[in-house]
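Chemist: Structure in structure tokens, see below.
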Amino acid sequence: APIRPQNFIENRQFWPLVEEVMAQHAHVDPELQAQAAFQKTGWMNIADGRNPPPLGRTGNAEDILGCVLIEDKTIMPGSFQPNCAHRPVSADGLFQLPKFLHAKLLERLS
């Protein structure tokens with residue numbers, strides 16, 4: 001059966017690892033760096049790839065992994081803030097990290 005919010009049981013030890021990987025590596029993620037250069041300054045949301053918002057729009061709260069602070073087109077190291085409203089599983093499926101962060105998570109888990 002497909003993963004749905006109704007039949008999903010969260011592993012309470014896993015999600016803190018996901019957030020730790022994002023906190024450690026978001027500032028060097030090439031995809032996020034490109035978005036930061038476009039935004040230039042302020043707080044930038046990190047969208048969940050399962051349901052990305054249209055360009056220039058804010059996604060649904062359950063589809064925002066967290067945010068990072070941008071100063072002068074650069075993601076500030078250590079600025080990642082997790083979004084407590086994010087849902088690892090929604091009606092759109094399982095969460096999807098940006099490719100770089102996904103690879104870093106797999107490294108951390110191996």
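Chemist: In region 85-108, which residue that is over 12 Å from the mean Cα position of the chain (by Cα) and buried (at least 18 other Cβ atoms within 10 Å of the Cβ) is nearest to Val21 (Cα to Cα)?
Modeler: So the residue we want is Lys104.
Chemist: In region 42-58, which residues are on the phi > 0 side of the Ramachandran plot and part of a strand (DSSP E or B)?
Modeler: Matches in region 42-58: Gly42 only.
Chemist: For Phe38, work out the one condition from (1) of a type in the set (A, V, I, L, M, F, W, C); (2) over 19 Å from Leu106 (Cβ atoms); (3) assigned to a strand (DSSP E or B) it doesn't fulfil.
Modeler: Single failed check for Phe38: (3).
Here is a yes/no grid of residues against (1) open to solvent by less than 40 Å² (accessible area, probe 1.4 Å); (2) farther than 19 Å from Asp72 by Cβ:
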site: Ile3; (1), (2): no, yes
site: Gln6; (1), (2): no, yes
site: Arg12; (1), (2): no, yes
site: Glu20; (1), (2): no, yes
site: Gln33; (1), (2): no, no
site: Ala36; (1), (2): yes, no
site: Gln39; (1), (2): no, no
site: Met44; (1), (2): yes, no
site: Asp48; (1), (2): yes, yes
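Chemist: Hey, another quick one. If you scan region 50-81, which residues turn out to be open to solvent by less than 30 Å² (accessible area, probe 1.4 Å) and more than 27 Å from Pro5 (Cβ to Cβ)?
Modeler: Ile70, Ile75, Ser79
Chemist: Might you check whether a residue that is outside any helix (DSSP H, G or I) and without any contact (Cβ under 8 Å) to a residue 60 or more places away in the chain occurs anywhere in region 13-27?
Modeler: yes
The values are calculated or read from the model by the stated rules, or taken from the named source; none is laboratory data. Small disclaimer: the values here were computed from a predicted structure and weren't measured. Cβ: placed from backbone, ideal geometry, glycine included. Neighbour counts: every protein chain shown. Just so you know, the surface numbers come from the protein's heavy atoms only, side chains and all, with ligands and any DNA or RNA stripped out. Shrake-Rupley method; radii C 1.70, N 1.55, O 1.52, S 1.80 Å.
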